[in-house]
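A.B. asks: The structure follows.
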Amino acid sequence: MDFLLRVIQNFTANDLLDLGIMAFIVYRFLLIVQGTRAVQMIFGLIALLSLFWISISFKLYSLNWILTQFFDYFFVIIIILFQEEIRAALVSFGETKMFSRKRKTLHDEDLEEIVRVCSVLSKEKTGALIVFEKNQGLLNFSLTGTRIDSAIHSDLIYSIFQSNSPLHDGAIIVFNGKIQSAGCFLPLSKNVEIDRHYGTRHRAALGVTELTDAVVVIVSEETGSIKICSEGHFFDVENEGQLREKLSVVLKSQSSQKAQVAYEV
């Protein structure tokens, strides 16, 4: 009780600020790792900390020595294990209008071109992967493909995804109302719980939306089905009207919660 009183008496505004910042960092980190493999790694670290406490309490010298060596490099290990989550957190903290690229809203006629070509590709069972850049830049992925900088047109997109096109295997990236690049390579998702029936296109769509706030439209080559991928989740699209409505909401919405409501309608 005396110790608690001393702590309260010596508690200053700086301590409150320090605790507030740390709480915010931990909160943001937990939001980022929620639903990812990092959760299992956190539980693994907690289990190791428990073993470390047991080794000290019961004087298990060998176990204590091994765990001491491990925790001597604790922060380096944390950076290695959670490098993707730390990268996502830094992007989130640095996401300001000052440093982001100026983005124009996708016009209705451009959206209509996307809807039209996706419908045709779906009927023909021609695979396609269309990525829409939002606030977080995709320039590093655009550079892996062929620069186009063309107006959005259904005929151009259709020709890109034909099997005899040299760019059909990659993704096209749409930014600022234009097709920025085609034949782009995207990072594949490392989610081990993904459905085995999903191919490379779906894994690439998951991968880029797990790392950024991009929105992706996928047309399956096997079934012709159309899906929208956002924030690491797939949403089925049954017809042109649904695709038009959901894309319009998620691309023009600044809030992911609003987009989520639109998906569920």
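Quick note: the coordinates plus some simple rules give every number you see, no bench work behind them. None of these values were measured; they are calculated from a predicted model. Neighbour counts run over all protein chains shown; Cβ positions are idealised from the backbone, glycine included.
A.B. asks: What are the trypsin sites (Lys or Arg not before Pro) within region 152-219 that DSSP puts in a loop, where the Cβ has at most 11 other Cβ atoms within 10 Å?
C.D. replies: Arg196
A.B. asks: Kindly write out, for region 117-125 in residue order, the coupling ³J(HN,Hα) from the Karplus curve 6.51 cos²θ - 1.76 cosθ + 1.60 (θ = phi - 60°), rounded to whole Hz, with x marking Gly and Pro.
C.D. replies: 6, 5, 5, 5, 4, 5, 5, 8, 6
A.B. asks: If you work out Rg and Dmax of the Cα atoms in Å from the coordinates, which of (1) 18.0, 59; (2) 17.8, 64; (3) 23.6, 79 do you get?
C.D. replies: From the options (1) 18.0, 59; (2) 17.8, 64; (3) 23.6, 79, the structure gives (3).
A.B. asks: Right, here's the next one. Could you work out the pair-distance distribution P(r) of region 188-229 from its alpha-carbon pairs, with 10 angstrom bin width and percents rounded to whole numbers?
C.D. replies: Final binned percentages: 29, 58, 13.
A.B. asks: In Å³ and rounded to a whole number, note down the convex hull volume per residue for the Cα atoms of region 2-93.
C.D. replies: 141
A.B. asks: A follow-up question, please. Enumerate the whole-percent occupancy of each 5 Å bin, from 0 to the last occupied one, for all C-alpha pair distances of region 108-264.
C.D. replies: It works out to 2, 10, 21, 25, 24, 15, 4, 0, 0, in whole percents.
A.B. asks: ³J(HN,Hα) across region 128-136 via Karplus (A = 6.51, B = -1.76, C = 1.60, θ = phi - 60°), whole Hz, x for Gly/Pro?
C.D. replies: Going residue by residue, I get 8, 9, 10, 10, 10, 6, 10, 8, 8 Hz, with x marking Gly and Pro.
A.B. asks: Using Cβ contacts closer than 10 Å as the measure, can you line up Leu81, Leu139 from fewest to most?
C.D. replies: Ordered by Cβ neighbours within 10 Å, fewest first: Leu139, Leu81.
A.B. asks: Give the aspartates and glutamates whose C-alpha is closer than 19 Å to that of Lys134, dropping any in the same chain fewer than 8 places away, or say none.
C.D. replies: Glu95, Asp108, Glu109, Asp110, Glu112, Glu113, Asp149, Glu210, Asp213, Glu231, Glu245
A.B. asks: If each residue's Cβ is checked for other Cβ atoms within 10 Å, how do Ser154, Ser142 rank with the fewest at the top?
C.D. replies: With the sparsest Cβ surroundings first, the list reads Ser154, Ser142.
A.B. asks: Restricting everything to alpha-carbon atoms, can you work out Rg to Rh for region 150-200 with a Kirkwood hydrodynamic radius?
C.D. replies: 1.07
A.B. asks: Can you give the relative contact order of the chain as a percent, counting alpha carbon pairs under 8 Å and 6+ residues apart?
C.D. replies: 16
A.B. asks: Of the candidates Ala214, Ala171, Ala13, which one comes out as most mobile in a Gaussian network treatment of the chain with C-alpha springs shorter than 10 Å?
C.D. replies: Result for the chain, Cα springs under 10 Å: Ala13 fluctuates most.
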